[in-house]
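Notes for the one structure printed next.
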Amino acid sequence: MDIEIINLRVFNGVEFVARSAKVSGIGRVRCECGSRRDCERCSGSGMREPTDEEIFRMIVENDYSSALEHVVFSFEIHGLSKGNALELLEHRIASHTGRSTRYQSEVGFDFNLPPKVEEVLEKHGIAAEEYKKLALTGAPLPEHLPEAERGLLEEYAALIRASRKAYSRMLELGAGKESARYATPFAMHTAYTYTINLRSLINFFGLRLCVRASPEMRELAAKLYLAVREKFPWISLVWCRGYNSGACPENEVRDSPQGRECPFRNPESSVFIPTRRQVRAGIKLRPFSQQDFERLRERLLERWSHSSGSG
Ligand SMILES: Cc1cc2nc3c(=O)[nH]c(=O)nc-3n(C[C@H](O)[C@H](O)[C@H](O)COP(=O)(O)OP(=O)(O)OC[C@H]3O[C@@H](n4cnc5c(N)ncnc54)[C@H](O)[C@@H]3O)c2cc1C
Ligand SMILES: [Zn+2]
C-alpha cells in the first residue's frame with residue numbers, strides 16, 4: 001500500500017491538558033522525600049503538587065478523557081484507497097475534507113494493491129512498483145509464476161487498465177467527472193485532510209492497532225502512530241483497546257483464526273492481555289512485562305507500517 005501521512009500538526013500539549021485538569025481540580029500526590037522539612041516540593045508536608053506530566057499520565061490511565069480533547073492533531077493522508085476511506089470516515093468524531101471525484105480528474109489514477117496481490121509479489125520477489133508498471137502497460141509478467149498466481153496478477157492488472165480506460169472513454173464522450181467516476185475501483189487512491197482530537201485518536205488507535213482491523217486500516221494506524229509519536233511522544237501511553245484497559249473486549253474473536261494472530265493472547269507469555277470474559281472467569285495473571293511489550297510494539301509497528309499482508 002502507498003499510504004503516506006504528511007503535514008502533521010499538533011495543537012496544544014501536555015501542559016494545556018494539565019492546565020485544564022487544574023481548572024477542574026486536581027489532588028496532591030505523595031512526595032518522594034518522605035516529609036523532609038527542607039524539601040522544596042512539599043515543604044515537609046509529604047504531599048506535593050503533581051507535575052504536568054504526572055497529571056497527563058493520570059488522566060490517560062484513569063480515563064478522565066474529556067481533558068484530552070484539548071489536544072488536536074491535523075494531517076493529510078495520501079494513498080489511502082477510496083474503499084477503505086469509508087472505514088476511516090466511520091470514525092465520526094473528527095473533521096475531514098476529502099479529494100472530490102466530482103471536481104478532480106482521475107485520469108491515470110494511482111491505486112493500491114490488494115494484500116493478496118502484495119503477498120504473491122513478495123513471494124516471487126517482484127517489486128510492487130515493477131508490477132504496477134507492467135499492470136498499466138499490459139506487458140507480460142515473469143515466466144516462472146505458477147498459473148493461478150499469474151492469473152491473479154494478470155486479472156487484477158487488466159481490471160485496473162479497463163477501469164482507467166472506461167473512465168477516460170466517458171470523458172471523451174462528454175460525460176462529467178461525476179459520471180466517469182463510476183468506473184473507478186475500490187483500490188483507487190484518495191486523499192484526506194483530517195483533524196482529530198486526542199481522545200478520539202486514542203479510540204481510533206485502540207480499534208485499528210489490532211489484528212481485527214483490515215490490513216490497510218492497520219497500516220494507516222501504524223503510520224499515523226509513528227508520525228504522531230515523533231511530535232507527541234506521550235502517545236506511547238496507549239495502544240490497542242486491550243492494552244489501554246487491561247482487558248480485551250474481543251471475547252469471541254480470540255479463538256477465531258483471525259484472533260490467533262493476536263500477539264497478546266497467550267496466557268503463558270509476559271505480554272498476555274486477558275479478554276474481559278477471562279477476567280470475569282477469574283483467570284490467573286502473570287506480571288505484565290512493559291519492556292517486552294515495548295519490544296513487541298516496535299516489531300508490530302515495523303511490520304504493519306510496511307506491509308499490508310496478513311499478521
Ligand atoms: C474490526 C472492526 C470491524 C468493523 N466492522 C464493521 C462492520 O462490519 N460494519 C460497520 O458498519 N462498521 C464496522 N466497523 C466500524 C465500527 O463499527 C465503528 O463505526 C468505527 O470503528 C468507529 O468507531 P467509533 O464509533 O468508536 O468512533 P467515532 O465515530 O469516532 O466515535 C467515538 C466515540 O464517540 C461515541 N459516539 C460516537 N457517535 C455516537 C452516537 N451516535 N451515539 C453514541 N455515542 C457515540 C462512542 O463512544 C464512540 O466510541 C468495524 C470496526 C472495526 C475496528
Ligand atoms: Zn517533599
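Read-outs throughout are calculated quantities, based only on the coordinates presented, and are distinct from any laboratory measurement. What you see is a predicted model, and the numbers here were worked out from it, not measured in a lab. As a convention, Cβ positions derive from the backbone with ideal geometry for all residues, glycine included, and neighbour counts pool all protein chains shown.
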field: Structure-based [θ]222 nm, the chain - -39500 (n - 2.57) summed over DSSP H runs of at least 4, per residue, nearest 500
entry: -13000 deg cm²/dmol
query: Can you work out ³J(HN,Hα) from phi for every residue in the range 145-157, in order, using Karplus 6.51 cos²θ - 1.76 cosθ + 1.60 and θ = phi - 60°, giving whole Hz and x for Gly and Pro?
result: 6, x, 4, 5, 5, 4, x, 4, 5, 5, 5, 5, 4
query: For the chain, which longest stretch is free of loop sites, where a loop site is one of the GluC sites (Glu not before Pro) that DSSP puts outside H, G, I, E and B and that has at most 13 other Cβ atoms within 10 Å?
result: 144-251
- prompt: By how many degrees, between 0 and 90 and to the nearest 10, does the Cα long axis of helix 128-137 differ from the longest principal axis of the chain?
  reply: 30 degrees
message: At a threshold of 8 angstrom on Cα-Cα distance, excluding pairs fewer than six apart, so keeping six or more, what relative contact order does the range 99-186 reach in percent?
response: 37 percent
- prompt: Modelled label-to-label distance, Glu147 and Thr193, 7 Å Cα→beta-carbon offset: nm?
  reply: 5.3 nm
- line: Here, chymotrypsin sites (Phe, Trp or Tyr not before Pro) of the range 271-304 satisfying both criteria (DSSP loop; at most 16 other Cβ within 10 Å) are Phe288
message: Can you give me the distance in nm between label points at Arg303 and Ser179, each placed 7 Å from the Cα along the Cα-to-Cβ direction?
response: 4.9 nm
- prompt: Local charge sum around Tyr243 (other residues, Cβ-Cβ under 12 Å, Lys/Arg +1, Asp/Glu -1)?
  reply: 0
- prompt: Amide H of Leu80: which non-local residues (sequence gap of 5 or more, or other chain) have their own amide H closer than 5 Å, using H built in the peptide plane?
  reply: Glu4, Thr190
- request: Enumerate the calculated ³J(HN,Hα) couplings along the range 80-87 in order (Karplus 6.51 cos²θ - 1.76 cosθ + 1.60, θ = phi - 60°), each rounded to whole Hz, writing x wherever the residue is Gly or Pro.
  value: 7, 6, 4, x, 6, 4, 5, 5
Total formal charge among the other residues, if their Cβ is under 15 angstrom from that of Ser35, Lys/Arg +1 and Asp/Glu -1: +3
task: Please give the FRET efficiency for Ile283 paired with Ser236, using the beta carbon to beta carbon distance and R0 = 25 Å, rounded to the nearest 0.05.
output: 0.40
task: Within the range 88-192, list the chymotrypsin sites (Phe, Trp or Tyr not before Pro) lying in a DSSP loop whose Cβ has at most 11 other Cβ atoms in a 10 Å radius.
output: Tyr103
field: Cut-off 14 Å between beta-carbons: net charge of the residues surrounding Glu4, Lys and Arg +1, Asp and Glu -1
entry: -3
field: Whole-Hz couplings from phi, Karplus 6.51/-1.76/1.60, listed for the range 99-108; x for Gly and Pro
entry: 5, 8, 7, 8, 10, 9, 7, 10, 4, x
